[in-house]
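The structure appears right after this line, and notes come after that.
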Number of protein chains: 2
Amino acid sequence: MVTTLKNSGDQAEFPTRTEGPFFEEEKEGYKGYVEWEKYPEKKKLGAEVLSRYKFPGPPEFQLEPLPKTNPVLEGVRWKQYHYAMGGTLKDIPDISWKYVQKEKSEDMIHVLQFPYNGEPPRRRLVETEITPNKDHFVRNHGGVPEIDEDSFELELDGLVNKPMTIKMSDLKNEKIFPRQSTTVTIQCSGTRRIEQIDMYPGDGDELINAPWGEGAIGTARWTGVSLRSVIEHCGGLKTSDGTSEGDIHLEFYGADTYFKKGKVMNYVVSAPWRKVKYDEVLLAWEMNGEPLPRIHGFPLRTVVFGYIGARSCKWLYRIKAIKGPSQAPVQKKEYLYYNQQIGKQNVKYSNGFSIQDMPVSSAIMTPLDKEVVVHDGKITLTGWAYSGGGRWPERVEVSADGGSVWYEVPWQRLSKKYFFGWRVWSMEIPVEYEGWLEFCCRTWDNALNTQPTFVRSAWNWDLHVTSSCHRIKVYSVNRSRSETAERLQVIEQNGLSLFPLTQPLEMDLESDEHYDAEMEARGGRDPTE
Amino acid sequence: MVTTLKNSGDQAEFPTRTEGPFFEEEKEGYKGYVEWEKYPEKKKLGAEVLSRYKFPGPPEFQLEPLPKTNPVLEGVRWKQYHYAMGGTLKDIPDISWKYVQKEKSEDMIHVLQFPYNGEPPRRRLVETEITPNKDHFVRNHGGVPEIDEDSFELELDGLVNKPMTIKMSDLKNEKIFPRQSTTVTIQCSGTRRIEQIDMYPGDGDELINAPWGEGAIGTARWTGVSLRSVIEHCGGLKTSDGTSEGDIHLEFYGADTYFKKGKVMNYVVSAPWRKVKYDEVLLAWEMNGEPLPRIHGFPLRTVVFGYIGARSCKWLYRIKAIKGPSQAPVQKKEYLYYNQQIGKQNVKYSNGFSIQDMPVSSAIMTPLDKEVVVHDGKITLTGWAYSGGGRWPERVEVSADGGSVWYEVPWQRLSKKYFFGWRVWSMEIPVEYEGWLEFCCRTWDNALNTQPTFVRSAWNWDLHVTSSCHRIKVYSVNRSRSETAERLQVIEQNGLSLFPLTQPLEMDLESDEHYDAEMEARGGRDPTE
């Protein structure tokens, strides 16, 4: 008997289940953490419970306009998946939303309510080089577990010489582990996805393909220990079976529960040893000098420098050294980059390559797209610029003519260089033209890579990594032109407004006398012979 | 008294000088090596000798078509600089050309005779993943010194704890230094420069801005020792004065003599320790299992993985650990990347950023630009794809319509992946259209960087790093169209030819009977009412 569910994320509307199994927490002090990976039988039971329901499909948000609500999308199915599990997971959607309200700014754009995906308002994001914790974007794949730091233990196993568990107090003990603080930008591969959607829709699963704007990126100073030190503490990598260090990847297990095509699991991803050994993977418990917020992975998360955010696993409880990349679905079946001719008709996992290192990218954050700017011949643009993999933005350029001629943002107007951080920038550029203009920006990193020219250049089925030149439309009203200045004055004298641009001007555009004089001067509308 | 020189590279035409100084070799067994860097007084004397002449300027090869000769450019001034020095350098232009003839393929395209700059014919370069030594491009900045391996000593000094000199026999002694072999692509930042020149000329110095095609790139298996091991052998970096390891660069000294704006010097460049410490800088004496050819730096050179070729210093005789990048002119004043609005009117060294890591790039090597291809609906393309800095080409795409729709080159048609090597590729693509088509290719590396769309996107004053999508024009004659097949047959029956395309066809294009019938069927040329 399959129960068809209403399209409602309200727990009260979810049919009460009296029959087991109900999935309780794995450990005391770990509310909301169910261990799936160690218990294949439990995974089967989880899948069996899911199969008792017909869940509503994902909402259409590409062939139709996005809802004007905030949260934009609700995540009904994912709430229901959690309700269906019963036990410790059924309250997780509510608990998670509580942490959004407690830990994030009030005016966040809630792209998806559950699992929580949110970005800050455009204008504020680039006001500071370091993103305040409450404004840092969040892209969660599951609910927020509540883990007591005192109960917490990190497990290390797989291809290490001395598998062990380590308490938080030991991780924080500088006599055992040297502490590392690094300024790192984390970026979701969905950043700027809305540009791809607006042009050509793709895979419509709101969980992996939420309609992000330009704010799914943020920069913090992260503090913790280098995973390299922790592996050394475990006696180093185990290569006695002939496995080469170069083939080893570190698999990260998150305490959140993830769902994929009728299966249930923990959030599991990996990063290669060649990254870990250079101190580019941090186990972090501090974000900008404060304890990690719950919603950002308290008490411990990975921060994988220069990679896609998805590898920076939150609520980390286990690290397993394995041969090759993780075979878990998030690593193997998601965050793949397809070519332009791959879609629903032919897509396979092996056809995409795995998004790890992030490419060079940038965005104009002000003016906003479709803004009307009244100015005196100059307009100020602000934005961010970033490149992954240890490369840094060397040059940011902006154009007021759709990319024919570019201005370089003066170095004085770019924030400091970091190997793994973005740069925020601003520049006042001359704008003589009036009417709708296309402003765009692009960045060159130190490896001389720059952004492809058009959104179409980088369109892909899963709508990942919108790295093309960022383009916005701005309606330019240039008050330094005398006719425009006069018109603005007349509009004001008449108590009228230029705004909204699309509403008709309730006054005549010129007097009949003026029109007649003009026509006579121009020789009339028609030829005379 | 300044002597004005004729525009001739012939040594016999150079005025004989009876007055000193004459610059002899520094050491026995080092023909053609003058040490300048250790002797400021000698540098002054060298500059003084140069000031006695008025040398001809560089040839115009941008506002006028390139000469059809091979060598394309001669390098008259640079030959004369060497003649002027007298002593060991005056024979170097002749000796160097002798090594071109001995060590390189007969059909090389000699972009510049002296200092030798040459690339192999397009078609052959991508037939093998490893470039044969005789086909590997050469971009020399000076003449070829003849150094005896037995006399050779490598000097190490600057910020190392134990400065020393090391004989080649010790460098090759595996009991002292572990040997390293790595497949590495070296690319000149001038590769594909001709595309920038064709569109908009830039700085016209043929020495730094030679008119390269797509062949200034090659791949070899290099063998030698990691510079890291050598530095460790010298007791490691000296940081006792408070210099941080992260600030240290390794300066490489080449035995060739270089000239710049009236000054004379050795070829000196640098790479940062952060690159050296990861075993990404090799001191190499073997190229594809053979001793280094003289023209490629015998007996010892650096190979800096993933960087611009200019850092892979040939005829290496000294390495100095210094704070910050080298202040020598090649590092500080050349290989800079400017923005589109910088040129002769405003260019300064500090306005450009230093080209180190190379970006993602690729090229179509066959068909050739402007080739007429007669086919049956499918055309095979071949080419190369590369990305620097340890990133590898993940995807190569080709387009037959100027880049509107792209085909992915199947993975089976790409050569093996290397962290520091290119991939050669081939693909047969459907081509239905006839007439002039624009074929293009682009590559995505594992960091999801791809090439900018147009040459204009990356134009810069020094014409470096033409990394935009490579575009060629191909005239398509599709024999699978019946009218075309018939026409080709008639041409053949008439003993005529489609080639050259631009020569008129000496036969009537249709019979008068056929024309009349066709016109009647179409209702005539003009409307009837």
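The values are calculated or read from the model by the stated rules, or taken from the named source; none is laboratory data. All of these numbers come straight from a predicted model, not from anything done at the bench. Virtual Cβ from ideal backbone geometry, glycine too; neighbours counted across all protein chains shown. Note: areas computed on protein heavy atoms with side chains; ligands, DNA, RNA excluded. Shrake-Rupley method; radii C 1.70, N 1.55, O 1.52, S 1.80 Å.
Going by amide H atoms built from the backbone, whose H comes under 5 Å of the H on A:GLN62, apart from near neighbours?
Excluding prolines and chain starts, which carry no amide H, there are no hits.
Nothing charged except the Cβ atoms of Lys and Arg (+1) and of Asp and Glu (-1): what's the magnitude of the dipole of the protein assembly as shown about its Cα centre? Round to the nearest 20 debye.
In debye, rounded to 20, the protein assembly as shown gives about 4520.
Give me the percent relative contact order of chain A, please, defined on Cα pairs under 8 angstrom at least 6 residues apart.
13
If ligands, DNA and RNA are left out, what is the accessible area of A:GLU19 with a 1.4 Å probe, given in Å² to the nearest 10?
Accessible area, nearest 10 Å²: 120 Å².
Which whole-number percent is the relative contact order of the stretch B:163-251 (Cα, under 8 Å, 6+ apart)?
Normalised by residue count, the contact order of the stretch B:163-251 is 35 percent.
Any chance you could list the semi-axes, whole Å, largest first, of the equivalent ellipsoid that the Cα gyration tensor gives for the stretch B:24-96, using √(5λ)?
After scaling each eigenvalue by five and taking roots: 28, 16, 9 Å.
Probe radius 1.4 Å, ligands and nucleic acids ignored: give me the carbon and sulfur share of the accessible area of the stretch B:261-340 as a rounded percent.
46
B:VAL490 to B:LEU509: extension gain in nm, 0.36 nm per residue of separation minus the Cα-Cα distance?
Additional length available on full extension: 5.8 nm.
Got a sec to turn the phi values of the stretch A:237-250 into Karplus ³J(HN,Hα) couplings, 6.51 cos²θ - 1.76 cosθ + 1.60 with θ = phi - 60°, whole Hz, x for Gly and Pro?
Listing the rounded values in order: 6, 8, 10, 5, 7, x, 5, 7, 3, x, 8, 8, 10, 10 Hz.
Label position 7 Å from Cα toward Cβ: report the copy-to-copy distances for B:GLY262 in nm, one decimal, ordered from shortest.
8.2
As I understand it, the dipole of chain B uses +1 on the Cβ of Lys and Arg and -1 on the Cβ of Asp and Glu, about the Cα centre. Which of B:VAL230, B:GLN113, B:GLY390 lies farthest toward its positive end?
Of B:VAL230, B:GLN113, B:GLY390, it is B:VAL230.
At a Förster distance of 56 Å, what's the computed FRET efficiency of B:SER51 paired with A:SER169, Cβ-Cβ distance as r, to 0.05?
Working: r = 73 Å, r/R0 = 1.30.
Working from the Cβ atoms, E equals 0.15.
Given points 7 Å out from each Cα along the Cα-Cβ axis, report the A:PHE499 to B:LYS344 separation in nanometres with one decimal.
If labels sit at A:PHE499 and B:LYS344, their model points lie 4.9 nm apart.
When the helices in chain B are scored as -39500 (n - 2.57) per DSSP H run of 4 or longer and the sum is shared across all residues, what 222 nm value do you end up with, to the nearest 500 deg cm²/dmol? Please report the intermediate quantities before stating the final value.
Details: 12 runs with 89 residues, N = 529.
Counting only the DSSP helices, I get -4500 deg cm²/dmol.
Give the calculated FRET efficiency between A:THR3 and A:GLU28 to the nearest 0.05, with a Förster radius of 25 Å applied to their Cβ-Cβ distance.
On the way: r = 33 Å, r/R0 = 1.31.
In this case the efficiency is close to 0.15.
Work out from phi, with θ = phi - 60° and the Karplus expression 6.51 cos²θ - 1.76 cosθ + 1.60, the ³J(HN,Hα) of each residue of the stretch A:98-111, listed in order in whole Hz, and give x for Gly and Pro.
The phi angles translate into 4, 6, 4, 5, 7, 9, 10, 4, 4, 9, 4, 8, 7, 4 Hz.
Which of rounded, prolate, oblate describes the stretch B:242-339, given a ≥ b ≥ c as roots of the alpha-carbon gyration tensor eigenvalues and a/c under 1.5 marking rounded, otherwise prolate only if a/b is larger than b/c?
oblate
Quick check on the protein assembly as shown: take the gyration tensor over C-alpha atoms, sort the square-rooted eigenvalues as a ≥ b ≥ c, and tell me if it's rounded (a/c under 1.5), prolate or oblate.
Values: a/c = 1.68, a/b = 1.21, b/c = 1.39.
Since a/c reaches 1.5 but b/c is at least a/b, the shape of the protein assembly as shown is classed as oblate.
Fully extended, how many nm does the chain gain between B:TYR433 and B:ASP150 (0.36 nm per residue separation, minus their Cα-Cα distance)?
This chain segment gains 95.6 nm when fully extended.
Using the Karplus curve 6.51 cos²θ - 1.76 cosθ + 1.60 with θ = phi - 60°, work out ³J(HN,Hα) for each residue of the stretch B:49-57 in order, rounded to whole Hz, and write x for Gly and Pro.
4, 4, 5, 6, 10, 9, 8, x, x
Work out the mean other chain Cβ neighbour count within 10 Å for the residues of B:464-477 and drop it here as an integer.
1
Take the alpha carbon gyration tensor of the stretch A:451-515, find the square roots of its eigenvalues, order them as a ≥ b ≥ c, and report rounded if a/c is under 1.5; if not, report prolate when a/b exceeds b/c, else oblate. Walk me through the numbers before you get to the answer.
On the way: a/c = 3.90, a/b = 3.13, b/c = 1.25.
Judged from the Cα gyration tensor, the stretch A:451-515 comes out prolate (a/c at least 1.5, a/b above b/c).
If I stretch the segment between B:THR528 and B:GLU37 completely, what's the gain in nm (0.36 nm per residue apart, minus their alpha carbon distance), one decimal?
Difference between extended and current length: 168.0 nm.
Determine how large the accessible area of B:ARG487 is when every protein chain is in place; take a 1.4 Å probe and give Å² rounded to the nearest 10.
Ignoring ligands and nucleic acids, B:ARG487 comes out at about 90 Å².
Taking Cα pairs under 8 Å and at least six residues apart, what relative contact order does the stretch B:42-135 come out at, in percent? Walk me through the numbers on the way to the answer.
Numbers: 93 pairs, mean separation 23.2, N = 94.
Averaging sequence separation for qualifying contacts and normalising by length gives 25 percent for the stretch B:42-135.
How large is Rg/Rh for the stretch A:266-395, to two decimals, with Cα atoms and a Kirkwood Rh? Write out the running numbers ahead of the final one.
Details: Rg = 19.0 Å, Rh = 17.7 Å.
Over the Cα atoms of the stretch A:266-395, Rg/Rh equals 1.07.
Suppose we keep just the DSSP beta bridges with both residues in chain B; what percent of those would be antiparallel, to 5?
85
Restricting to bridges with both residues inside the protein assembly as shown, how much of the DSSP beta-bridge set is antiparallel, in percent to the nearest 5?
That works out to approximately 85 percent antiparallel.
Amide H neighbours of B:MET365 under 5 Å, counting only residues 5+ apart in sequence or on other chains, H built in-plane at 1.01 Å?
Counting only residues 5 or more places away or on other chains, the set is B:THR382, B:GLY383, B:TRP384.
How much FRET efficiency would the formula 1/(1 + (r/R0)^6) give for A:VAL405 and B:LEU368, where r is the Cβ-Cβ distance and R0 is 22 Å, rounded to 0.05?
Working: r = 32 Å, r/R0 = 1.47.
Here the calculated transfer efficiency is 0.10.
Given the pairs A:LYS31/A:LYS167; A:LYS260/A:LYS314; A:LYS6/A:LYS102; A:LYS323/B:LYS172; B:LYS134/B:LYS172, which are separated by over 26 angstrom at their Cα positions?
Too far apart for the 26 Å limit: A:LYS6/A:LYS102; A:LYS323/B:LYS172.
So what is Rg over Rh here for chain A, counting just Cα atoms and using Kirkwood for Rh?
1.05
Between copies, how close do the B:GLN412 label points come, placed 7 Å along Cα→Cβ, listed in nm from shortest?
For B:GLN412, the inter-copy label distances come out at 6.1 nm.
Which far-off residues, 5 or more places away or on another chain, put their amide H under 5 Å from the one on B:LYS238, with H placed in the peptide plane?
Counting only residues 5 or more places away or on other chains, the set is B:VAL160, B:ASN161.
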